[in-house]
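What follows is a single structure, written as structure tokens, with notes after it.
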Amino acid sequence: DPFAPKPADKFTFGLWTVGNPGADPFGGPTREKLEPAKIVELLGDVPGVHGVNFHDNDLIPIDATDAEANQIKKDFRKALKRTGLKVPMATTDLFRDPVFKDGAFTSNDAEIRAYAVQKVMRAMELGAEFGAKTYVFWGGREGAESDATKDPVVAIKRMREAIDFLCQYSIDRKFGYRFAFEAKPNEPRGHIYNAVTGSYLAFIQTLKHPEMCGVNPEMAHEHMAGLNFVHQVAAALEAGKLFHIDLNDQEFGRFDQDYRFGSISYKHSFFLVKLLVDYKYDGLKHFDSHAFRQSNYDDVKAFARGSMRTYKILEHKVKQFNKDKDIQKLLRQINRKSKAAEQLVSKYSKSNANALLEREFDRKKLAERPLPYEELDQRVFDLMMGV
Ligand code: GLO
Ligand code: NI
Ligand code: NI
Ligand code: NI
């Protein structure tokens, strides 16, 4: 199978994704809840998976006793050993418990903010026990329904304070974590702070340890906001900040659907994979999605296989694109070079500025140069459809 995934592809799933029992806001679960070790075994049946990620409470329930926690960890570790799966990323559940109903790091209650930071410290320890090196922050409850309730500037300051504290903690404890911030515009909050990946790229520059902080963009989240995900990821890549990526799919503008990667947006998915391939992204590729509510656990395995297969097929299509003679010829045509023009503006100097001011451009002629974009775009369609 030319599209068979390998662990080296660094495809990962979460205890909460393949273990998702199919509940939605209007109905309860349609699949039985599986123990963490069972979820690892399920993933072990799907060839080519690199690892499994977790929130602290996916592994250890928030109210577990020490004895229960130890038993769960023992079983989980055994299952990891049997299947060879790694735990490359860990994260904190700062959204499910009622204590976080008004946020964690940005809660209006100072004691809840302190509890949130403590919960992350403990969860970082748990992740480190299983070898995680990437730590994701998704501020699902960091937001508001009404701006009467919270000062959004204060919220940013609270968030910065918490992250600066946790960076230093990670350094002191020598966890070796890299932090990855995950943006989302809304859901579960009416409005979530740092709504898009670009907001986090700006936020990171204001931190005490920007070098250990990057982003974890998620396709569905940017599509919920009606944005071009590929451009958000490009901004992260160009800034050297793409530390992790959440792959899934989503109809534009809808509620958070978490569909299988590539199942809706064929073209955006193609250009996303093209971006990752062209710029040699070799980090984790996490499928943050879940199977349809109608699926049983056999079909959940099909969902996991399909997620990776789609990625590998798109990778193959990208290679075809990059060596397609007609497409490459068109690309050369539209990227018009001019040594003289490039030299003038590539670097500022007084003489370049004067020369540029004096140069005559034939605006009408320039506007007439052909851009056969329809032809190019149709070739992409033909290529994707295998025609
Ligand atoms: C929800 C988010 C969530 C995060 C997870 C990792 O929409 O995508 O699944 O990715 O909590 O921190
Ligand atoms: Ni999501
Ligand atoms: Ni989601
Ligand atoms: Ni996510």
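Among the listed residues ALA79, ALA104, ALA67, ALA114, identify the single one that is over 24 Å from the mean Cα position of the chain (by Cα), closer than 26 Å to ILE192 by Cα and hydrophobic (A, V, I, L, M, F, W, C).
The match here is ALA114.
Residues that are touching a residue at least 12 places away in the same chain (Cβ under 8 Å), open to solvent by less than 80 Å² (accessible area, probe 1.4 Å) and within 30 Å of VAL273 (Cα to Cα): list the helices (runs of 4 or more DSSP H) wholly contained in region 333-387 that include at least 1 such residues.
Qualifying helices (runs of 4 or more DSSP H): 373-385.
Determine which member of the set HIS268, HIS244, HIS290 is over 23 Å from GLY176 (Cβ atoms), buried (at least 22 other Cβ atoms within 10 Å of the Cβ) and of a type outside the set (D, E, K, R).
HIS290
Pairs, please: C-beta under 6 Å, at least 6 apart or cross-chain, first residue in contact (Cβ under 8 Å) with a residue 24 or more places away in the chain and closer than 22 Å to ALA37 by Cα and in region 124-141, second in a strand (DSSP E or B) and open to solvent by 50 Å² or more (accessible area, probe 1.4 Å)?
Taking only residues 6 or more apart or on different chains, the pairs are THR134/ARG178.
Does MET219 qualify as being hydrophobic (A, V, I, L, M, F, W, C), buried (at least 17 other Cβ atoms within 10 Å of the Cβ) and more than 29 Å from PHE270 (Cα to Cα)?
In short, no.
Among the residues of region 271-287, which ones are more than 16 Å from ligand 2 (Cβ to nearest atom) and either surrounded by 14 or more Cβ atoms within 10 Å (Cβ to Cβ) or not charged (D, E, K, R) (or both)?
PHE271, VAL273, LYS274, LEU275, LEU276, VAL277, TYR279, TYR281, GLY283
Criterion first (more than 16 Å from ligand 3 (Cβ to nearest atom), out of contact with any Lys or Arg (no Cβ under 6 Å at 6 or more places or on another chain) and without any contact (Cβ under 8 Å) to a residue 12 or more places away in the chain) does ASP278 satisfy it?
No; evaluated as a whole, the condition is false for this residue.
Can you tell me which of (1) away from ligand 4 (no atom under 16 Å from the Cβ); (2) open to solvent by less than 20 Å² (accessible area, probe 1.4 Å); (3) under 25 Å from GLY14 (Cβ atoms); (4) among the hydrophobic types (A, V, I, L, M, F, W, C) is the one LEU207 doesn't meet?
Just one mismatch for LEU207, condition (3).
Condition test on LEU330, is it of a type in the set (A, V, I, L, M), open to solvent by less than 50 Å² (accessible area, probe 1.4 Å) and under 18 Å from the mean Cα position of the chain (by Cα)?
no
The values are calculated or read from the model by the stated rules, or taken from the named source; none is laboratory data. In this text, all values refer to a predicted model and were calculated from it rather than measured experimentally. Quick reminder, even Gly has a Cβ in these numbers, built from the backbone with ideal geometry, and neighbours come from all protein chains shown. Surface accessibility is based on the protein's heavy atoms, side chains included, excluding ligands, DNA and RNA. Shrake-Rupley method; radii C 1.70, N 1.55, O 1.52, S 1.80 Å.
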